[in-house]
Structure formats: C-alpha cells, structure tokens
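What follows is a single structure, written as structure tokens, with notes after it.
The values are calculated or read from the model by the stated rules, or taken from the named source; none is laboratory data. Predicted model, so just to flag it, every value in this text is computed and none were measured. Don't worry about glycine lacking a Cβ; one is built from the backbone with ideal geometry, like all the others, and counts go over all protein chains shown.
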Amino acid sequence: GAVVSQHPSWVICKSGTSVKIECRSLDFQATTMFWYRQFPKQSLMLMATSNEGSKATYEQGVEKDKFLINHASLTLSTLTVTSAHPEDSSFYICSASRAGGMDSPLHFGNGTRLTVT
Amino acid sequence: GNSVTQMEGPVTLSEEAFLTINCTYTATGYPSLFWYVQYPGEGLQLLLKATKADDKGSNKGFEATYRKETTSFHLEKGSVQVSDSAVYFCALSGGTDKLIFGTGTRLQVFP
C-alpha cells in the first residue's frame, strides 16, 4: 500500500488564488521530504527540500515566496502555491525517505495535478 | 552540474519482446543510479538501483548495469509483459536523497 499520501490528487483553481497541497508519510517519520514539479513530457524538477522544524531549502530559480513549504511535523509537509497563475499549472509530486541516506529508498506520493484557469 | 538523459518515448513493443531503454548521465564524483517506474494512476516506485561502477541492479526481470566508462545505466528486460506498461524514469543521486531525474520514457506493451 501507499506509504506516502498526497492530497489532493487534482485541483482546479482560479488565477490569483492560493492552493495548498499536503504530503503525509503514513507509517514512518520523515525528517526530510522533497517537492518536485513535472511539466508535460519533461523530467521531474526538484523544487525544494523540506526539513522538519526548519526552513525549506529551495533550488535555484524557484520562488520562495510563491511556493511556500511548511514541514511542521515528522509526518506532514505542505506546499502552498500562492497567487497562482496559469503558468503554475503543473504536476507536483512529493517524496519522503524513512531514514535518510541512500540505503533507504524514497517513497513518492501519487502527485497533484494543478490547473489554474 | 549533474544531469540525466534518457531516450524519448513512447516505446511500443509486443508482449515477450526484448526491451532496452537507454539512460546516460553526467555527474561529478560517484553518483548512485536508479530506475523508477510509474504505473498508470500511481506514484513513482523504485524499480532498481546501483551504487557503484559495474554494479548490476535487478528486479522483476529488469536489469541495469552501472557503466562508468560509458556513463550509462540502460534498462533491459528479456521478455516484456502487458503489465510492464508504464513510464520509466532514470535518476541519479550525488550522495544525498536529492534525485536528478530524466524525462521519463513511456513503455506500451501490446498483447
């Protein structure tokens, strides 16, 4: 069964509104979660690394004020797309590692398809 | 910087055909290499991995060998099934949980 739950699976919103996406690790604690963005026919691009209890680390070119990340507990990270615009329409995927390091495989959520009209 | 290049799809095969999906990488140091699979309507799942040169990862009949001399990690399966239809992602990691993905290759297997 799924060990990382992502919600919602899809969302349609109007331009200018904000959308929150949740990523939960279901049966393990994840000190680190990752947020990816995937454009059609393109690779998953890492947006940011979410660290429990501290600020997220954003990749170059990702707007921190537009993509707000909160990792308030060991099982939940949220990504909020603020003042969304049509160019923010994309597929957003989170992942989490059970214990960190490459001996523990990353578990991915099923993704959230965001459409901004 | 680190990057992954994989062949564009879709790859269309008949059941029991031989599969190769090419993947090459650019990286500093000694990255770990991965293949992830995404079945329709599901999240990404780790298919196999290799952490050092000449290692062979294998799972569910799929194999990939870490070739440092050619900077490649091609995915192969001797006899594909309809149930293998999915999108396959090649990825690398430079020693942390941070993954760099290829663009994904869609595989369609017909009976």
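Could you figure out which of (1) farther than 30 Å from A:T57 by Cα; (2) touching a residue at least 24 places away in the same chain (Cβ under 8 Å) isn't true of B:T105?
In the conditions (1) farther than 30 Å from A:T57 by Cα; (2) touching a residue at least 24 places away in the same chain (Cβ under 8 Å), B:T105 misses (1) alone.
If you check A:S90 against the conditions, is it modelled with pLDDT under 95 and under 30 Å from B:L107 (Cα atoms)? Steps first, please.
Numbers: modelled with pLDDT under 95: yes; under 30 Å from B:L107 (Cα atoms): yes.
Yes; evaluated as a whole, the condition is true for this residue.
Among the listed residues A:E52, A:E63, A:E87, which satisfies the condition of being of a type in the set (D, E) and within 28 Å of B:L46 (Cβ to Cβ)?
A:E52
Those residues that are within 14 Å of chain A (Cβ to nearest Cβ), under 13 Å from the mean Cα position of the chain (by Cα) and crowded, with 16+ Cβ neighbours inside 10 Å, I need them from region B:58-98; list them, please.
The answer is B:Y66, B:A86, B:V87, B:Y88, B:F89, B:C90, B:A91, B:L92.
Does A:S9 satisfy being away from chain B (no Cβ under 14 Å) and closer than 25 Å to B:Q38 by Cα? Walk me through it before giving the result.
Numbers: away from chain B (no Cβ under 14 Å): no; closer than 25 Å to B:Q38 by Cα: yes.
It is false that A:S9 is away from chain B (no Cβ under 14 Å) and closer than 25 Å to B:Q38 by Cα.
Take the residues of region B:43-79 that are part of a loop (DSSP other than H, G, I, E, B), of a type in the set (D, E, K, R) and touching a Phe, Trp or Tyr at 6+ places or on another chain (Cβ under 9 Å): which is nearest to A:C94 (Cα to Cα)? Quick ask: steps written out before the conclusion?
Within region B:43-79, the subset part of a loop (DSSP other than H, G, I, E, B) is B:43, B:51-55, B:60-61, B:66, B:68-71, B:73-74, B:78-79.
Among the residues that remain, those that are also of a type in the set (D, E, K, R) are: B:52, B:54-55, B:60, B:68-69.
If we keep only those that are touching a Phe, Trp or Tyr at 6+ places or on another chain (Cβ under 9 Å) as well, we get B:52, B:54-55, B:68.
Details: B:K52: 27, B:D54: 31, B:D55: 28, B:K68: 30 Å.
Ranking the qualifying residues of region B:43-79, first place goes to B:K52.
Being in a strand (DSSP E or B) and without any contact (Cβ under 8 Å) to a residue 24 or more places away in the chain is the filter; apply it to region A:12-46 and report the residue that is nearest to the other protein chains (Cβ to nearest Cβ).
To start, the set of residues in region A:12-46 that are in a strand (DSSP E or B) comprises A:12-13, A:19-25, A:32-38, A:44-46.
Retained after the next criterion (residues that are without any contact (Cβ under 8 Å) to a residue 24 or more places away in the chain): A:45-46.
Values: A:M45: 8, A:L46: 6 Å.
Per the criteria, the residue is A:L46.
Scanning region B:1-42 for residues that are part of a loop (DSSP other than H, G, I, E, B) and in contact with a Pro (Cβ under 9 Å, 6 or more places away or on another chain), which turns out farthest from B:I100 (Cα to Cα)?
First, the residues of region B:1-42 that are part of a loop (DSSP other than H, G, I, E, B): B:1-2, B:7-10, B:15-18, B:22, B:27-31, B:39-42.
Then keep just the ones that are in contact with a Pro (Cβ under 9 Å, 6 or more places away or on another chain); that gives B:2, B:15.
Values: B:N2: 7, B:E15: 31 Å.
The extreme case among them is B:E15.
Just a yes or no: is a residue in region A:65-73 crowded, with 16+ Cβ neighbours inside 10 Å, among the hydroxyl-bearing types (S, T, Y), away from chain B (no Cβ under 11 Å) and part of a strand (DSSP E or B)?
No, that holds for no residue.
Can you tell me which residue among A:S104, A:S18, A:S54, A:S73 is on the phi < 0 side of the Ramachandran plot, modelled with pLDDT under 95 and touching a strand residue (DSSP E or B) at 6+ places or on another chain (Cβ under 7 Å)?
Numbers: A:S18 fails: modelled with pLDDT under 95; A:S54 fails: touching a strand residue (DSSP E or B) at 6+ places or on another chain (Cβ under 7 Å); A:S73 fails: touching a strand residue (DSSP E or B) at 6+ places or on another chain (Cβ under 7 Å).
So the residue among A:S104, A:S18, A:S54, A:S73 that is on the phi < 0 side of the Ramachandran plot, modelled with pLDDT under 95 and touching a strand residue (DSSP E or B) at 6+ places or on another chain (Cβ under 7 Å) is A:S104.
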